[in-house]
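The values are calculated or read from the model by the stated rules, or taken from the named source; none is laboratory data. Just so we're clear, the structure is a prediction, and the values are computed from it rather than from any experiment. All Cβ positions, even for glycine, are placed from backbone atoms using ideal geometry, and neighbour counts span all protein chains on display. Ligands, DNA and RNA are excluded from the accessible area calculation, which covers all protein heavy atoms including side chains. Shrake-Rupley method; radii C 1.70, N 1.55, O 1.52, S 1.80 Å.
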Amino acid sequence: MKKIYTSIFLIISVFSFAQNKFEKGYYLDDSGTRIDCFIKNYDWKYNPTSIEVKKTLEGNSNEVSISNLKEFAIDGISKYIRQTVEIDNSKGDPAYSYTKDPSFVSSTVLLRVLVEGKNSLYFYENDQFPERFFFKTENQEIKQLIYKKYFESGENGNSTDLYLNDNFKKQLFATVKCDNSNSKIDRLEYKNDALIDYFNLVNLCLGDTSSKEISKRSKTDFNYKIVAGLNYSHFNLKLGDGIQGVPFDGTNTTEKKMIFGVGFEIEAVMPFNNKNWSIFLQPTYYTNYSGSGTMTSTYYINPNYTTSYTNDNYTTTVKYQYFQIPIGLKRNVYINKAAKLYLNASFNVNISKNSTMSIVRSDNYSIFQSSINGTSSNLAFGVGYEFKDMTIEIRQFTNSNLNPYSNSSSNSFAFQSTGVVLKYKIY
(Lines give C-alpha, C1' and ligand atoms only; values in the text may rest on other atoms or scores of the structure.)
Protein backbone atom coordinates (compact mmCIF):
# COMPACT_ATOMS: atom_id res chain seq x y z
CA MET A 1 0.00 0.00 0.00
CA LYS A 2 2.83 2.43 0.85
CA LYS A 3 4.41 1.78 -2.57
CA ILE A 4 1.08 2.48 -4.31
CA TYR A 5 0.66 5.78 -2.45
CA THR A 6 4.26 6.78 -3.18
CA SER A 7 3.83 6.06 -6.91
CA ILE A 8 0.60 8.05 -7.13
CA PHE A 9 2.16 10.93 -5.20
CA LEU A 10 5.11 11.05 -7.62
CA ILE A 11 2.78 11.01 -10.64
CA ILE A 12 0.73 13.86 -9.22
CA SER A 13 3.88 15.81 -8.36
CA VAL A 14 5.02 15.58 -12.00
CA PHE A 15 1.62 16.73 -13.26
CA SER A 16 1.58 19.57 -10.72
CA PHE A 17 4.56 21.25 -12.35
CA ALA A 18 2.54 21.52 -15.58
CA GLN A 19 -0.56 23.02 -14.01
CA ASN A 20 0.45 26.67 -14.42
CA LYS A 21 0.94 27.23 -18.14
CA PHE A 22 2.75 29.84 -20.15
CA GLU A 23 0.16 31.84 -22.04
CA LYS A 24 0.36 34.51 -24.70
CA GLY A 25 0.69 38.08 -23.46
CA TYR A 26 2.97 41.08 -23.25
CA TYR A 27 4.69 43.41 -20.79
CA LEU A 28 5.97 46.96 -20.84
CA ASP A 29 9.45 47.35 -19.43
CA ASP A 30 10.54 50.31 -17.34
CA SER A 31 11.19 52.41 -20.44
CA GLY A 32 7.71 51.67 -21.79
CA THR A 33 8.85 49.31 -24.54
CA ARG A 34 6.28 46.61 -25.32
CA ILE A 35 7.63 43.07 -25.33
CA ASP A 36 5.38 40.33 -26.68
CA CYS A 37 6.00 37.05 -24.89
CA PHE A 38 4.49 34.12 -23.05
CA ILE A 39 3.74 34.65 -19.35
CA LYS A 40 3.37 31.89 -16.78
CA ASN A 41 -0.20 32.16 -15.50
CA TYR A 42 -0.32 31.41 -11.78
CA ASP A 43 -3.84 32.88 -11.51
CA TRP A 44 -2.50 34.80 -8.51
CA LYS A 45 -4.53 34.99 -5.31
CA TYR A 46 -2.21 37.76 -4.10
CA ASN A 47 -1.01 40.41 -6.55
CA PRO A 48 2.39 39.42 -7.92
CA THR A 49 5.65 41.32 -7.52
CA SER A 50 7.29 39.68 -10.55
CA ILE A 51 6.41 37.50 -13.56
CA GLU A 52 8.04 34.60 -15.35
CA VAL A 53 8.26 35.02 -19.13
CA LYS A 54 9.44 33.22 -22.27
CA LYS A 55 10.03 34.65 -25.72
CA THR A 56 8.92 31.34 -27.23
CA LEU A 57 7.19 28.35 -25.67
CA GLU A 58 10.24 26.20 -26.40
CA GLY A 59 12.72 28.71 -24.97
CA ASN A 60 14.08 29.28 -21.49
CA SER A 61 12.18 31.39 -18.99
CA ASN A 62 13.39 34.43 -17.06
CA GLU A 63 11.97 36.53 -14.26
CA VAL A 64 10.94 40.16 -14.67
CA SER A 65 10.64 42.02 -11.38
CA ILE A 66 8.31 44.91 -10.58
CA SER A 67 11.19 47.40 -10.92
CA ASN A 68 11.35 46.66 -14.66
CA LEU A 69 7.64 46.11 -15.18
CA LYS A 70 5.29 49.00 -15.97
CA GLU A 71 2.46 46.78 -17.14
CA PHE A 72 1.70 43.24 -18.21
CA ALA A 73 -1.28 41.32 -19.53
CA ILE A 74 -2.21 37.72 -20.31
CA ASP A 75 -4.47 37.74 -23.35
CA GLY A 76 -8.14 37.45 -22.43
CA ILE A 77 -7.38 36.70 -18.77
CA SER A 78 -5.82 39.54 -16.77
CA LYS A 79 -3.95 42.82 -16.86
CA TYR A 80 -1.77 44.49 -14.20
CA ILE A 81 -0.26 47.99 -14.01
CA ARG A 82 2.51 49.29 -11.74
CA GLN A 83 1.49 52.22 -9.57
CA THR A 84 2.73 53.99 -6.47
CA VAL A 85 -0.37 54.48 -4.34
CA GLU A 86 -1.45 55.29 -0.82
CA ILE A 87 -2.78 52.01 0.52
CA ASP A 88 -4.42 51.19 3.85
CA ASN A 89 -2.35 48.54 5.61
CA SER A 90 -4.82 47.99 8.49
CA LYS A 91 -5.15 44.35 9.44
CA GLY A 92 -8.29 42.30 8.97
CA ASP A 93 -9.94 39.55 10.98
CA PRO A 94 -9.07 38.87 13.77
CA ALA A 95 -6.53 41.69 14.27
CA TYR A 96 -8.79 44.66 13.63
CA SER A 97 -7.41 48.03 14.77
CA TYR A 98 -9.08 50.46 17.19
CA THR A 99 -9.06 53.41 14.81
CA LYS A 100 -11.71 54.33 12.26
CA ASP A 101 -9.39 56.04 9.80
CA PRO A 102 -7.26 54.08 7.33
CA SER A 103 -3.56 53.67 8.04
CA PHE A 104 -2.14 54.78 4.70
CA VAL A 105 1.37 53.95 3.52
CA SER A 106 2.93 54.68 0.16
CA SER A 107 3.69 51.50 -1.79
CA THR A 108 4.65 50.59 -5.33
CA VAL A 109 2.50 47.65 -6.35
CA LEU A 110 1.04 45.86 -9.35
CA LEU A 111 -2.70 46.59 -9.45
CA ARG A 112 -5.02 44.22 -11.23
CA VAL A 113 -7.15 46.10 -13.77
CA LEU A 114 -10.83 45.20 -13.48
CA VAL A 115 -12.55 47.91 -15.55
CA GLU A 116 -11.05 50.45 -17.96
CA GLY A 117 -13.01 53.50 -19.12
CA LYS A 118 -13.95 57.01 -18.04
CA ASN A 119 -14.03 55.47 -14.56
CA SER A 120 -11.57 52.66 -13.99
CA LEU A 121 -11.46 50.05 -11.21
CA TYR A 122 -8.45 48.20 -9.81
CA PHE A 123 -7.80 45.48 -7.25
CA TYR A 124 -5.01 44.68 -4.79
CA GLU A 125 -4.54 42.00 -2.14
CA ASN A 126 -1.60 40.52 -0.25
CA ASP A 127 -1.13 38.17 2.71
CA GLN A 128 -0.87 41.04 5.22
CA PHE A 129 -4.30 42.69 4.93
CA PRO A 130 -7.68 42.19 3.22
CA GLU A 131 -8.52 43.04 -0.38
CA ARG A 132 -8.42 46.69 -1.47
CA PHE A 133 -10.11 48.34 -4.44
CA PHE A 134 -8.85 51.45 -6.20
CA PHE A 135 -10.44 53.76 -8.73
CA LYS A 136 -9.54 56.48 -11.23
CA THR A 137 -11.67 59.06 -13.00
CA GLU A 138 -10.94 61.43 -15.88
CA ASN A 139 -10.13 64.16 -13.35
CA GLN A 140 -8.49 62.15 -10.58
CA GLU A 141 -5.50 59.87 -10.25
CA ILE A 142 -5.74 56.40 -8.72
CA LYS A 143 -7.01 56.36 -5.13
CA GLN A 144 -8.15 53.64 -2.79
CA LEU A 145 -11.84 53.13 -2.13
CA ILE A 146 -12.03 53.23 1.66
CA TYR A 147 -13.55 50.28 3.49
CA LYS A 148 -12.39 49.33 6.95
CA LYS A 149 -13.73 47.23 9.82
CA TYR A 150 -12.49 48.30 13.25
CA PHE A 151 -13.08 48.09 17.00
CA GLU A 152 -14.12 51.24 18.79
CA SER A 153 -12.33 52.35 21.96
CA GLY A 154 -14.69 52.87 24.88
CA GLU A 155 -14.38 54.94 28.05
CA ASN A 156 -13.58 51.88 30.15
CA GLY A 157 -11.17 50.32 27.73
CA ASN A 158 -11.25 48.77 24.32
CA SER A 159 -14.58 47.52 23.02
CA THR A 160 -15.11 44.23 21.19
CA ASP A 161 -17.97 45.66 19.13
CA LEU A 162 -17.13 45.72 15.43
CA TYR A 163 -17.79 48.89 13.42
CA LEU A 164 -17.53 49.72 9.72
CA ASN A 165 -16.04 52.66 7.87
CA ASP A 166 -17.62 52.41 4.42
CA ASN A 167 -16.51 55.79 3.15
CA PHE A 168 -16.13 54.29 -0.36
CA LYS A 169 -19.84 54.99 -0.89
CA LYS A 170 -19.30 58.73 -0.30
CA GLN A 171 -16.32 58.63 -2.68
CA LEU A 172 -18.40 57.04 -5.42
CA PHE A 173 -21.36 59.37 -4.82
CA ALA A 174 -19.04 62.35 -5.23
CA THR A 175 -17.05 61.27 -8.29
CA VAL A 176 -18.35 58.05 -9.94
CA LYS A 177 -22.05 58.46 -10.60
CA CYS A 178 -24.72 58.92 -13.22
CA ASP A 179 -28.47 59.55 -13.24
CA ASN A 180 -29.46 55.96 -12.64
CA SER A 181 -26.69 55.01 -10.21
CA ASN A 182 -27.30 56.99 -7.02
CA SER A 183 -29.96 54.63 -5.66
CA LYS A 184 -27.58 51.68 -5.99
CA ILE A 185 -24.77 53.14 -3.88
CA ASP A 186 -26.46 52.63 -0.48
CA ARG A 187 -26.75 48.88 -1.09
CA LEU A 188 -23.40 48.50 -2.82
CA GLU A 189 -21.06 45.86 -1.38
CA TYR A 190 -17.28 46.15 -1.23
CA LYS A 191 -16.86 43.07 -3.40
CA ASN A 192 -15.36 42.29 -6.77
CA ASP A 193 -18.50 41.54 -8.80
CA ALA A 194 -20.62 44.27 -7.20
CA LEU A 195 -18.07 47.01 -7.90
CA ILE A 196 -17.38 45.81 -11.45
CA ASP A 197 -21.11 45.89 -12.20
CA TYR A 198 -21.42 49.38 -10.70
CA PHE A 199 -18.53 50.83 -12.72
CA ASN A 200 -19.87 49.23 -15.91
CA LEU A 201 -23.30 50.72 -15.20
CA VAL A 202 -21.94 54.24 -14.63
CA ASN A 203 -19.68 54.16 -17.69
CA LEU A 204 -22.52 52.94 -19.87
CA CYS A 205 -24.80 55.66 -18.49
CA LEU A 206 -22.13 58.27 -19.34
CA GLY A 207 -22.01 57.03 -22.91
CA ASP A 208 -18.53 55.53 -22.62
CA THR A 209 -18.66 52.92 -25.39
CA SER A 210 -14.98 52.08 -24.95
CA SER A 211 -15.43 50.96 -21.32
CA LYS A 212 -14.78 47.26 -20.80
CA GLU A 213 -13.91 44.64 -18.27
CA ILE A 214 -10.24 43.79 -18.54
CA SER A 215 -9.55 40.87 -16.18
CA LYS A 216 -11.69 37.78 -16.29
CA ARG A 217 -13.96 37.42 -13.29
CA SER A 218 -13.25 34.57 -10.89
CA LYS A 219 -15.79 32.90 -8.65
CA THR A 220 -16.01 29.94 -6.32
CA ASP A 221 -17.53 26.89 -8.01
CA PHE A 222 -19.61 24.41 -6.03
CA ASN A 223 -19.93 20.70 -6.80
CA TYR A 224 -22.51 18.39 -5.22
CA LYS A 225 -21.88 14.65 -5.24
CA ILE A 226 -23.45 11.41 -4.05
CA VAL A 227 -20.89 9.27 -2.18
CA ALA A 228 -20.67 5.51 -1.61
CA GLY A 229 -17.75 3.97 0.27
CA LEU A 230 -16.44 0.54 1.23
CA ASN A 231 -14.02 0.38 4.18
CA TYR A 232 -11.83 -2.55 5.23
CA SER A 233 -11.83 -2.13 9.01
CA HIS A 234 -10.82 -3.70 12.32
CA PHE A 235 -9.98 -2.84 15.93
CA ASN A 236 -6.55 -2.96 17.55
CA LEU A 237 -6.93 -3.46 21.31
CA LYS A 238 -3.98 -2.66 23.52
CA LEU A 239 -4.73 -3.27 27.18
CA GLY A 240 -1.49 -2.43 28.96
CA ASP A 241 -3.20 -1.86 32.32
CA GLY A 242 -5.55 -4.79 31.95
CA ILE A 243 -9.26 -4.72 32.69
CA GLN A 244 -10.94 -5.62 35.99
CA GLY A 245 -7.57 -6.80 37.30
CA VAL A 246 -6.96 -9.10 34.34
CA PRO A 247 -3.71 -8.41 32.43
CA PHE A 248 -3.53 -9.07 28.68
CA ASP A 249 -0.58 -9.87 26.46
CA GLY A 250 0.45 -7.55 23.62
CA THR A 251 -1.83 -6.00 21.04
CA ASN A 252 -4.92 -7.91 19.97
CA THR A 253 -6.75 -7.53 16.68
CA THR A 254 -10.39 -8.14 15.83
CA GLU A 255 -11.57 -9.56 12.51
CA LYS A 256 -11.12 -7.43 9.41
CA LYS A 257 -14.52 -6.71 7.90
CA MET A 258 -15.98 -4.72 5.03
CA ILE A 259 -18.39 -1.98 6.02
CA PHE A 260 -20.49 0.11 3.65
CA GLY A 261 -20.99 3.87 3.81
CA VAL A 262 -23.27 6.28 1.98
CA GLY A 263 -23.38 10.07 2.05
CA PHE A 264 -22.92 13.22 0.03
CA GLU A 265 -20.17 15.76 -0.65
CA ILE A 266 -20.19 19.52 -1.04
CA GLU A 267 -17.02 20.83 -2.68
CA ALA A 268 -16.04 24.49 -3.04
CA VAL A 269 -13.42 25.05 -5.76
CA MET A 270 -11.34 28.11 -4.91
CA PRO A 271 -11.29 30.95 -7.50
CA PHE A 272 -7.51 31.30 -7.71
CA ASN A 273 -4.38 29.35 -8.68
CA ASN A 274 -6.24 28.03 -11.75
CA LYS A 275 -8.80 26.28 -9.51
CA ASN A 276 -6.18 23.83 -8.24
CA TRP A 277 -7.45 23.95 -4.64
CA SER A 278 -10.79 23.11 -3.11
CA ILE A 279 -12.33 22.45 0.30
CA PHE A 280 -14.99 19.85 0.95
CA LEU A 281 -17.51 18.57 3.47
CA GLN A 282 -18.53 14.92 3.18
CA PRO A 283 -21.04 13.62 5.79
CA THR A 284 -21.21 9.81 5.53
CA TYR A 285 -23.10 7.12 7.43
CA TYR A 286 -21.30 3.76 7.88
CA THR A 287 -23.21 0.56 8.54
CA ASN A 288 -22.52 -1.78 11.41
CA TYR A 289 -19.06 -3.25 11.95
CA SER A 290 -19.40 -6.52 13.85
CA GLY A 291 -16.26 -8.49 14.61
CA SER A 292 -14.48 -10.46 17.29
CA GLY A 293 -10.97 -11.44 18.27
CA THR A 294 -9.13 -13.60 20.78
CA MET A 295 -6.93 -12.21 23.54
CA THR A 296 -4.59 -14.07 25.86
CA SER A 297 -4.11 -13.41 29.58
CA THR A 298 -1.15 -14.95 31.41
CA TYR A 299 -0.90 -14.99 35.26
CA TYR A 300 2.28 -15.87 37.15
CA ILE A 301 2.34 -17.82 40.40
CA ASN A 302 5.38 -16.17 41.98
CA PRO A 303 6.77 -12.64 42.03
CA ASN A 304 9.79 -13.62 39.89
CA TYR A 305 7.44 -14.15 36.89
CA THR A 306 9.12 -17.41 35.95
CA THR A 307 6.39 -19.98 36.50
CA SER A 308 3.17 -19.83 34.53
CA TYR A 309 0.07 -19.99 36.71
CA THR A 310 -2.67 -19.99 34.10
CA ASN A 311 -3.22 -19.06 30.49
CA ASP A 312 -6.77 -18.02 29.52
CA ASN A 313 -8.25 -16.98 26.22
CA TYR A 314 -10.80 -14.18 26.07
CA THR A 315 -13.11 -13.31 23.19
CA THR A 316 -13.57 -9.65 22.38
CA THR A 317 -16.71 -8.73 20.45
CA VAL A 318 -17.26 -5.27 19.00
CA LYS A 319 -20.33 -3.81 17.31
CA TYR A 320 -19.75 -0.36 15.91
CA GLN A 321 -21.71 1.95 13.61
CA TYR A 322 -21.04 5.62 13.13
CA PHE A 323 -21.75 8.84 11.27
CA GLN A 324 -18.60 10.53 9.97
CA ILE A 325 -18.22 14.24 9.11
CA PRO A 326 -14.97 14.93 7.20
CA ILE A 327 -13.86 18.50 6.51
CA GLY A 328 -10.90 18.63 4.18
CA LEU A 329 -8.60 20.28 1.67
CA LYS A 330 -8.03 18.93 -1.86
CA ARG A 331 -5.27 19.61 -4.38
CA ASN A 332 -6.54 19.15 -7.92
CA VAL A 333 -4.21 18.25 -10.80
CA TYR A 334 -5.90 18.64 -14.17
CA ILE A 335 -4.91 16.20 -16.92
CA ASN A 336 -7.34 17.68 -19.44
CA LYS A 337 -10.78 19.30 -19.41
CA ALA A 338 -12.51 16.02 -18.60
CA ALA A 339 -10.06 14.33 -16.21
CA LYS A 340 -8.00 15.12 -13.14
CA LEU A 341 -6.05 13.51 -10.33
CA TYR A 342 -6.11 14.81 -6.78
CA LEU A 343 -4.72 14.46 -3.28
CA ASN A 344 -6.76 15.32 -0.21
CA ALA A 345 -6.55 15.40 3.56
CA SER A 346 -9.40 15.71 6.02
CA PHE A 347 -10.19 16.04 9.70
CA ASN A 348 -13.01 13.67 10.64
CA VAL A 349 -15.52 13.81 13.47
CA ASN A 350 -17.02 10.35 14.16
CA ILE A 351 -20.32 10.04 16.02
CA SER A 352 -21.12 6.48 17.06
CA LYS A 353 -24.44 5.00 18.19
CA ASN A 354 -25.77 1.54 19.08
CA SER A 355 -22.15 0.49 19.57
CA THR A 356 -20.87 -1.95 22.22
CA MET A 357 -17.78 -3.87 23.25
CA SER A 358 -17.57 -6.97 25.42
CA ILE A 359 -14.78 -9.25 26.67
CA VAL A 360 -15.75 -12.82 27.69
CA ARG A 361 -13.52 -15.52 29.17
CA SER A 362 -13.42 -19.03 27.65
CA ASP A 363 -15.85 -20.27 30.34
CA ASN A 364 -18.36 -17.57 29.22
CA TYR A 365 -17.65 -15.37 32.22
CA SER A 366 -17.99 -11.71 31.16
CA ILE A 367 -15.30 -9.41 32.59
CA PHE A 368 -16.18 -6.32 30.56
CA GLN A 369 -19.15 -4.92 28.69
CA SER A 370 -19.55 -1.29 27.73
CA SER A 371 -21.15 1.11 25.30
CA ILE A 372 -18.72 2.85 22.96
CA ASN A 373 -21.20 5.47 21.86
CA GLY A 374 -19.91 9.02 21.64
CA THR A 375 -17.61 11.21 19.59
CA SER A 376 -14.08 10.57 18.39
CA SER A 377 -11.86 12.06 15.71
CA ASN A 378 -9.13 11.11 13.27
CA LEU A 379 -7.48 12.13 10.00
CA ALA A 380 -7.77 10.72 6.50
CA PHE A 381 -5.58 11.00 3.41
CA GLY A 382 -6.80 10.17 -0.08
CA VAL A 383 -5.76 9.97 -3.72
CA GLY A 384 -8.33 9.98 -6.48
CA TYR A 385 -9.13 10.10 -10.16
CA GLU A 386 -12.06 12.06 -11.55
CA PHE A 387 -13.43 11.68 -15.08
CA LYS A 388 -16.37 13.90 -15.98
CA ASP A 389 -19.02 13.19 -13.31
CA MET A 390 -17.47 10.00 -11.87
CA THR A 391 -14.77 9.78 -9.18
CA ILE A 392 -12.90 6.91 -7.55
CA GLU A 393 -10.70 7.46 -4.51
CA ILE A 394 -8.48 5.39 -2.22
CA ARG A 395 -8.50 6.68 1.34
CA GLN A 396 -6.35 5.81 4.37
CA PHE A 397 -7.63 6.69 7.84
CA THR A 398 -5.54 7.21 10.94
CA ASN A 399 -6.62 5.47 14.14
CA SER A 400 -9.83 6.55 15.82
CA ASN A 401 -9.52 5.74 19.52
CA LEU A 402 -12.69 4.64 21.34
CA ASN A 403 -11.58 3.93 24.90
CA PRO A 404 -14.52 3.29 27.24
CA TYR A 405 -12.11 2.39 30.06
CA SER A 406 -11.36 6.01 30.84
CA ASN A 407 -9.38 5.45 34.05
CA SER A 408 -6.49 3.98 32.07
CA SER A 409 -4.28 5.90 29.68
CA SER A 410 -2.46 2.70 28.65
CA ASN A 411 -5.54 1.02 27.24
CA SER A 412 -6.28 1.74 23.59
CA PHE A 413 -9.31 0.72 21.50
CA ALA A 414 -8.13 1.86 18.05
CA PHE A 415 -10.41 1.58 15.02
CA GLN A 416 -8.46 1.29 11.76
CA SER A 417 -9.76 1.58 8.18
CA THR A 418 -8.65 1.71 4.57
CA GLY A 419 -11.36 2.51 2.05
CA VAL A 420 -12.45 2.94 -1.53
CA VAL A 421 -14.87 5.77 -2.31
CA LEU A 422 -17.06 6.24 -5.39
CA LYS A 423 -18.64 9.62 -6.14
CA TYR A 424 -21.12 10.83 -8.70
CA LYS A 425 -21.57 14.52 -9.42
CA ILE A 426 -25.23 15.49 -9.53
CA TYR A 427 -24.74 19.25 -9.86
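What distance in nm separates the two pseudo spin-label positions at Ile392 and Gln321, each 7 Å out from Cα along the beta-carbon direction? In this crude spin-label approximation the distance works out to 2.9 nm. Using a probe of 1.4 Å, the accessible surface attributed to Asp93 totals some 120 Å² when neighbouring protein chains are kept in position. Based on the Cβ-Cβ distance from Phe381 to Glu189, what FRET efficiency comes out when R0 is 45 Å, to the nearest 0.05? The value I calculate is 0.75.
Given a 1.4 angstrom probe, what's the average accessible area per residue across the chain, in square angstrom? Walk me through the intermediate numbers first.
On the way: 22560 Å² over 427 residues.
Counting only protein heavy atoms, the per-residue value for the chain is 53 Å².
Amide H to amide H, with H built 1.01 Å from N, Phe368 comes under 5 Å of Ile359, counting only residues 5 or more places away or on other chains.
Translational D (Stokes-Einstein, µm²/s) of the chain at 20 °C and 1.002 mPa s when Rh comes from the Kirkwood sum over C-alpha pairs? Walk me through the numbers before you get to the answer.
Working: Rh = 26.8 Å.
The Stokes-Einstein estimate is 80 µm²/s.
Set the bar at 18 Å for Cα to Cα. Now go through Lys21/Lys45; Lys118/Lys143; Lys21/Lys275; Lys177/Lys219; Lys118/Lys219; Lys24/Lys118 and name every pair that lies beyond it. Those over the limit are Lys177/Lys219; Lys118/Lys219; Lys24/Lys118.
What the Cα atoms of region 309-365 give is an Rg and a Dmax of 21.8, 69 Å. Using a probe of 1.4 Å on the protein chains alone, the accessible area found for Met258 is around 120 Å².
Once the chain from Glu213 to Phe264 is taken as fully extended at 0.36 nm per residue, the excess over their C-alpha distance is 14.6 nm.
Quick check: with the 1.4 Å probe, what order do Glu138, Glu189 take by accessible area, largest first?
On the way: Glu138 135, Glu189 95 Å².
Per-residue accessible area, sorted high to low, gives Glu138, Glu189.
Given R₀ = 45 Å, FRET efficiency for Asn399-Ile35 by Cβ-Cβ distance, to 0.05? Efficiency, rounded to the nearest 0.05: 0.20. Who wins for biggest fluctuation among Phe135, Phe413, Phe368 in a Gaussian network model of the chain, springs between alpha carbons below 10 Å? The residue with the greatest mean-square fluctuation here is Phe368. In summary, the lysines within cross-link reach of Lys319, defined as a Cα separation below 24 angstrom excluding same-chain residues under 8 places away, comprise Lys238, Lys256, Lys257, Lys353. Each residue of region 362-368 was assigned a 3J(HN,Hα) from its phi angle through the Karplus expression (A = 6.51, B = -1.76, C = 1.60, θ = phi - 60°), giving 4, 8, 6, 7, 8, 9, 7 Hz with x at Gly and Pro.
Can you give the extra length, in nm with one decimal, that the chain gains between Ser370 and Ala174 once fully stretched, where that is 0.36 nm per residue apart less the Cα-Cα distance?
Full extension of this stretch gives 63.4 nm more.
Over region 327-400, what percent of the accessible surface lies on carbon and sulfur atoms, probe 1.4 Å?
Details: 2170 of 3680 Å².
Answer for region 327-400 is 59 percent, counting heavy atoms of protein chains only.
Exposure check, 1.4 Å probe, all protein chains in place: Lys118 carries approximately 70 Å² of accessible surface.
Please get the size of the charge dipole for the chain, origin at its Cα centre, with Cβ charges of +1 on Lys and Arg and -1 on Asp and Glu, quoted in debye to the nearest 20. Kindly include the intermediate steps, with their values, before the conclusion.
On the way: 47 positive and 42 negative charges, 198 e Å.
Approximately 960 debye in magnitude.
Extension gain, Ala228 to Ser67, is 52.6 nm, computed as 0.36 nm per intervening residue step minus the present C-alpha separation. Per-atom-type breakdown for region 66-157 gives carbon and sulfur 42% of the accessible area (1.4 Å probe, protein chains only). Taking the chain, the Cys residues with no second Cys beta-carbon under 4.7 angstrom are Cys37.
For region 113-177, what mean projected area does the convex hull of the alpha carbons give, in nm²? Display every interim value, and only then the final one.
Numbers: hull surface 23.8 nm².
Its Cα hull, projected and averaged over all orientations, spans 5.9 nm².
Across region 199-212, coupling constants 3J(HN,Hα) worked out from phi with the 6.51/-1.76/1.60 Karplus curve, θ = phi - 60°, read 5, 4, 4, 5, 4, 5, 4, 7, x, 7, 6, 8, 5, 7 Hz, and Gly and Pro carry x.
Within a straight-line Cα-Cα reach of under 14 Å, Lys216 can be paired with the following aspartates and glutamates, leaving aside sequence neighbours fewer than 8 residues apart in one chain: Asp43, Asp75, Glu116, Asp193, Asp197.
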